[in-house]
Amino acid sequence: MYEDLPQLIKSGQRMAKSFFNLKELIITMSQSIISRPDSSEYAPYYGKYIDLVPDGDLIKILSAQFNLTLALLRGITEAQSLTRYETGKWSLKEVIGHLTDTERIMCYRALRIARADETPIAGFEQDDYVLAAQFDTRPLTEIVSEFQTVRHATIALFHGFDENAIGRRGTANNLSITVRALAYIIAGHERHHVNVLQTKYLPLILNKAKEL
């Protein structure tokens, strides 16, 4: 069961080291405070994600959250990463893949809207994406590393937006939304799924480990 653990720990340490380099970069950046969106800037559905985001510098929150997510995943074996807490639910790998895909899409929406592109942006079906991605066939370390790469790009993207860009409004999935709201949705979406990992997946993994 634990034969892959040393390799996973080393991989996690390498990823964490890269992340800390990102933190050093963030410290050198000028302050880019993204204020919390009000309820007129997003559809009610997204409120459940935005409400999970604490007050503070969102750029730093995005970087700190990822560090916590890395810590949560560190030491999970390949076998454990295939855990599903119920039949028909995503595996742990698929959850991380879904987080990555969704963050990419939200960033794409933010870029289009921030650049004053008024073309309506299509929605996407998350279950179809997860099914087509075949995340369970890929190593967990590779999936987490890809998530890290996307998070680096997310932080750079939102840091580069000025106040006008952050406040711009567009249409995505037939809903009106601002760039600022998309930034908070990314952060809240991660927090939501990490909460599920902590309450649904990890207890099951730990209980199975005790039985061995």
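Shown for the stretch 6-211: lysine pairs separated by 8 or more places, or found on different chains, whose C-alpha atoms are under 18 Å apart, numbering 8. Altogether, the Stokes-Einstein calculation at 20 °C and 1.002 mPa s, with the Kirkwood radius of the stretch 67-212 over Cα pairs as Rh, returns a diffusion coefficient of 130 µm²/s. Would you mind classifying the stretch 46-114 by shape? Square roots of the alpha carbon gyration tensor eigenvalues, ordered a ≥ b ≥ c; an a/c under 1.5 is rounded, otherwise it is prolate if a/b is larger than b/c and oblate if not. Prolate. Phi angles of the stretch 45-52 translate, via the Karplus equation with coefficients 6.51, -1.76, 1.60 and θ = phi - 60°, into HN-Hα couplings of 3, 7, x, 5, 7, 4, 5, 7 Hz per residue; Gly and Pro are given as x.
Protection proxy ranking, highest mean first, for peptides 88-94, 178-184, 46-52: 178-184, 88-94, 46-52, where packing is the per-residue count of other beta-carbon atoms within 10 Å, averaged. Computed from backbone phi with θ = phi - 60° and the Karplus coefficients 6.51, -1.76 and 1.60, the 3J(HN,Hα) list for the stretch 142-156 is 5, 5, 5, 4, 5, 4, 4, 4, 5, 5, 4, 5, 4, 4, 5 Hz; x is used for glycine and proline. Scanning residues 5 or more positions from Ala172 or on other chains, those with amide H under 5 Å from its amide H are Ile121, Ile177, with H placed 1.01 Å from N in the peptide plane. Converting phi to 3J(HN,Hα) with the Karplus coefficients 6.51, -1.76 and 1.60 and the offset θ = phi - 60°, the stretch 69-85 yields 5, 4, 4, 5, 8, 4, x, 6, 7, 4, 4, 5, 5, 8, 4, 10, 7 Hz in sequence order, with x at every glycine or proline. Which FRET efficiency value, to the nearest 0.05, is calculated for Ala153 and Gln126 with the Förster distance at 22 angstrom and r the Cβ-Cβ distance? Approximately 0.65, to the nearest 0.05.
Every number in this text was worked out from the coordinates using simple rules, so none of it is lab data. Predicted model, so just to flag it, every value in this text is computed and none were measured. Virtual Cβ from ideal backbone geometry, glycine too; neighbours counted across all protein chains shown.
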